[in-house]
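Derivation of every value follows stated rules applied to the coordinates shown; laboratory data play no part. Please read all numbers here as calculations on a predicted model, not as lab measurements. Backbone-built Cβ (ideal geometry, glycine too); neighbour counts: all protein chains shown.
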Amino acid sequence: MKTKTKRTLLPTKKVLSSEPSALLQTERDLKDAILTVSVFVNLFGLCLWVALQTTARYDAALVDFFIAR
């Protein structure tokens, strides 16, 4: 007759719910990169606008330098 043996369960690795997955982290990194680029582009535009507003003497030169057509 067979005797019943007690099965032992192997410990399983639990994933903590507070840790973001790799996909979520990649999405956050992409959003941060886009935000950073956007901030620098907006700062560049602001500096160009301020330079154009301060004097009318160099308007054509500044526009030709920064916005090449």
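Brief remarks follow.
- Shown in residue order for the range 46-51 are the 3J(HN,Hα) couplings computed by the Karplus curve 6.51 cos²θ - 1.76 cosθ + 1.60 at θ = phi - 60°: 5, 5, 5, 5, 5, 5 Hz (x for Gly and Pro).
- Modelled spin labels at residue 34 and residue 68, positioned 7 Å past Cα toward Cβ, are 2.9 nm from each other.
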